[in-house]
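The values are calculated or read from the model by the stated rules, or taken from the named source; none is laboratory data. As the structure is a prediction and not an experimental result, all values here were calculated from the model. Note that each Cβ is placed from the backbone with ideal geometry, even for glycine, and that neighbours are counted across all protein chains shown.
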Amino acid sequence: MTDTRNADLTFGATDYLAYLAPRDTASPTGFAAPSAAWKCLGWVTTSGGTFQISDEKKDIQAAGSLEPIRTLMTRSTKTVKLTYQEAINPLIRALYDDVPISTLEPTAGIAAYDLPDKPNDLKYAWLFDTIDGAKRVRLYMPNGQVTERGDEQPQTEDVWAVEMTATFYKGAANAPAVRRTIDYGGVDVSGFFS
């Protein structure tokens, strides 16, 4: 067996960028810069984002067997939890407050709006770029929405951070909920495929 360990394949994110666009906006090709349709969501905490896949299954039991005779995969939920540091960034406020982004456009420098009594169904395309030198990882989600919000805590000891979790769903024409693109940054990975 060949030893394929390579310290260059470790990944320590030096930057984490999050973008938002109208639902089903196409992903940039490869690692091309996002088009003008994509808006950067600003600074995030140094802990970056937490991508999670949560699979649910159901075991089918039957007489005559102590073990399940079949397992059904009933759901696979994909989420990203991220703490944004620009609490009054119009995009962040709109996502957290569950209002259309246009609601935050100021008149004479001021934006005032009512928070919805019941949740809106506001969905967007999302893009997350993680960078480690020449290595990059991109997650593209054509259809997602904020499904969990952390507590708001404006304070004097630190910046007012806004924590949100977005859940992702299939896109138009049954496009996958998440597409991952990896640029190995010139690291030779051929030994894994021979």
Subject >> Among the candidates 157, 148, 163, residue that is assigned to a strand (DSSP E or B), on the phi < 0 side of the Ramachandran plot, exposed (fewer than 12 other Cβ atoms within 10 Å of the Cβ) and not aromatic (Phe, Trp, Tyr) >> reply: 148
**OP:** Would you tally the residues in the stretch 34-49 being not in a loop (DSSP other than H, G, I, E, B) and not aliphatic (A, V, I, L, M)?
**Re:** 2
**OP:** For the stretch 119-143, enumerate the residues that are surrounded by 15 or more Cβ atoms within 10 Å (Cβ to Cβ) and without any contact (Cβ under 8 Å) to a residue 60 or more places away in the chain.
**Re:** 122
Original post:
If you check every pair at least six apart or on different chains, which have Cβ atoms under 9 Å apart with a residue in the stretch 171-185 that is in a helix (DSSP H, G or I) first and a residue that is among the acidic types (Asp, Glu) and surrounded by 13 or more Cβ atoms within 10 Å (Cβ to Cβ) second?
Top reply: 172/24; 173/24
Original post:
In the stretch 75-94, is there at least one residue being at pLDDT below 95, of a type in the set (Ser, Thr, Tyr), touching an Asp or Glu at 6+ places or on another chain (Cβ under 8 Å) and over 30 Å from residue 114 (Cα atoms)?
Top reply: yes
Original post:
Being in contact with an Asp or Glu (Cβ under 9 Å, 6 or more places away or on another chain), at pLDDT below 95, under 25 Å from residue 42 (Cβ atoms) and of a type outside the set (Val, Ile, Thr), is that true of even one residue in the stretch 100-119?
Top reply: yes
Original post:
Would you call residue 31 of a type in the set (A, V, I, L, M, F, W, C), over 24 Å from residue 113 (Cα atoms) and assigned to a loop (DSSP other than H, G, I, E, B)?
Top reply: yes
Original post:
Do we have any residue at all in the stretch 3-12 that's exposed (fewer than 13 other Cβ atoms within 10 Å of the Cβ), more than 19 Å from residue 176 (Cα to Cα) and touching a strand residue (DSSP E or B) at 6+ places or on another chain (Cβ under 9 Å)?
Top reply: yes
Original post:
Is it the case that residue 143 is assigned to a loop (DSSP other than H, G, I, E, B) and more than 18 Å from residue 48 (Cα to Cα)?
Top reply: no
Original post:
Do you know which residues across the stretch 94-132 are of a type in the set (Asp, Glu) and assigned to a helix (DSSP H, G or I)?
Top reply: 97
Original post:
Can you spot a residue in the stretch 145-164 that is without any contact (Cβ under 8 Å) to a residue 40 or more places away in the chain and under 13 Å from the mean Cα position of the chain (by Cα)?
Top reply: yes
Subject >> Residue tally, condition touching a residue at least 40 places away in the same chain (Cβ under 8 Å) and hydroxyl-bearing (Ser, Thr, Tyr), over the stretch 33-82 >> reply: 3
**OP:** Can you run down the residue pairs with Cβ atoms below 6 Å, 6 or more apart or on separate chains, where the first is in the stretch 97-116 and surrounded by fewer than 11 Cβ atoms within 10 Å (Cβ to Cβ) and the partner is in a helix (DSSP H, G or I)?
**Re:** 115/97
